[in-house]
Amino acid sequence: MVETQLCRRGIRDERVLAAMRDVPREEFVPPESRLFACHDEPVGIGYGQTVSQPYMTALMAECLEMTGAERVLEVGTGSGYAAAVLGVLAHEVVTLEIVPELAAIARANLRRTGRDGNVRVIDGDGGWGWPERAPYEAISVAAGAPDVPVPLLEQLADPGILVIPVGPRDSQELLVMHRRAGRMERRVATYCRFVPLRGGEGWR
Ligand code: SAH
């Protein structure tokens, strides 16, 4: 998976590649999907949701340019796979999930794989962020939003990086918003298709 799907497509950050090797993706998909857990595509996790394609998880992590000291906010835990990867790369991860059943599955997956030490799963609408632990040096949104939620910009540290798919429901730009010295730079990392962000800052 790492060689063919990630290196070949240009993922270069050695820490990201190591984290992708380290976290057992098959532990974060339903038992009947284990055989294709590492295929080059999203995998269904129930409740109409998916665990993102491995490349997308790696690309988003690479865009966040983490060194290991960061506090990270993730929006859209799903089954907890990306949260586990972020947990390897950062100091602390807070991840919000709007579907309570998925939050429970993610907690169980993280605990079973021993990845729950620095990853906290919270039930709720991540569009509002989680002010309690703000500011965050890295924010990763795993669902497509109509626009960048203002609360997330407010909770982004300086310096800090926010990665988020923005655009219509069926196709988005993966935006990387980089705040430094009070200024915000914006670039498009790729084009993508994520499940829709729900809740107050999403598609409702
Ligand atoms: N991070 C996951 C991706 C899960 S898919 C991975 O490891 O690949 C995106 C998830 O976002 C879904 O589980 C969906 O329920 C959740 N979601 C959608 N809108 C949300 C919101 N406003 N707040 C929190 N979670 C949300």
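Computed from the coordinates by the stated procedures, all read-outs in this text should not be read as laboratory data. Computed from a predicted model, the values in this text were never measured in an experiment.
Determine ³J(HN,Hα), in whole Hz, for all residues of segment 71-77 in sequence, where each value follows from phi through the Karplus function 6.51 cos²θ - 1.76 cosθ + 1.60 and θ = phi - 60°; x replaces Gly and Pro.
With the stated coefficients, segment 71-77 comes to 9, 10, 10, 10, 10, x, 5 Hz.
What percent antiparallel are the DSSP beta bridges of segment 89-204, to the nearest 5? Can you show the working numbers first?
Numbers: 16 of 27 bridges.
Around 60 percent of the beta bridges assigned by DSSP in segment 89-204 are antiparallel ones.
Residues with amide H under 5 Å of residue 45's amide H, sequence separation 5 or more or different chain, H placed in the peptide plane at 1.01 Å from N; which?
The list, which skips near neighbours in sequence, is 50, 51.
Is segment 68-110 rounded, prolate or oblate when judged by the Cα gyration tensor, a ≥ b ≥ c being the square roots of its eigenvalues, rounded requiring a/c under 1.5 and prolate requiring a/b larger than b/c? It would help to have the intermediate numbers written out before the result.
On the way: a/c = 2.94, a/b = 1.86, b/c = 1.58.
It is prolate, given that a/c is not under 1.5 and a/b is the larger ratio.
If you average the sequence gap of Cα pairs under 8 Å that are 6 or more apart and divide by the length of segment 93-170, what percent do you get for the contact order? Mind dumping the intermediate values first?
Working: 110 pairs, mean separation 22.0, N = 78.
In percent, rounded to a whole number, it is 28.
For residue 190, list long-range residues whose amide hydrogen, built 1.01 Å from N in the peptide plane, is under 5 Å from its own amide hydrogen.
Those lying under 5 Å, H to H, from residue 190 are 174.
Apply the a/c threshold of 1.5 to the C-alpha gyration tensor of segment 1-144 and tell me whether it is rounded, prolate or oblate.
Oblate, since a/c reaches 1.5 and b/c is not below a/b.
Which percentage, to the nearest 5, of the DSSP beta bridges contained in segment 30-100 is antiparallel?
Of the beta bridges lying entirely in segment 30-100, close to 40 percent run antiparallel.
When the Cα centres of segment 1-61 and segment 113-185 are compared, how far apart do they sit, in Å?
20
With bins 10 Å wide starting at 0, give me the P(r) of segment 25-79 over every alpha carbon pair, in whole percents.
22, 48, 25, 5
Rounded if a/c is under 1.5, else prolate if a/b beats b/c, else oblate: with a ≥ b ≥ c from the C-alpha gyration tensor eigenvalues square-rooted, which is segment 67-204?
On the way: a/c = 1.68, a/b = 1.18, b/c = 1.42.
Note, shape of segment 67-204 comes out oblate.
Report, by chain and number, residues whose modeled amide H sits under 5 Å from the one on residue 197, excluding near sequence neighbours (fewer than 5 apart, same chain).
144, 145, 203
HN-Hα J couplings of segment 120-125 from phi, Karplus 6.51/-1.76/1.60, θ = phi - 60°, integer Hz, Gly and Pro as x?
Residue by residue, segment 120-125 yields 10, 9, 10, 6, x, 7 Hz.
Antiparallel DSSP bridges in the chain: what percent, to the nearest 5?
50
³J(HN,Hα) across segment 101-106 via Karplus (A = 6.51, B = -1.76, C = 1.60, θ = phi - 60°), whole Hz, x for Gly/Pro?
In residue order, the calculated couplings are 5, 5, 4, 5, 5, 4 Hz.
When only C-alpha pairs under 8 Å and at least 6 residues apart count, what is the relative contact order of the chain, in percent? Before the final figure, lay out the partial values.
Details: 451 pairs, mean separation 32.1, N = 204.
Averaging sequence separation for qualifying contacts and normalising by length gives 16 percent for the chain.
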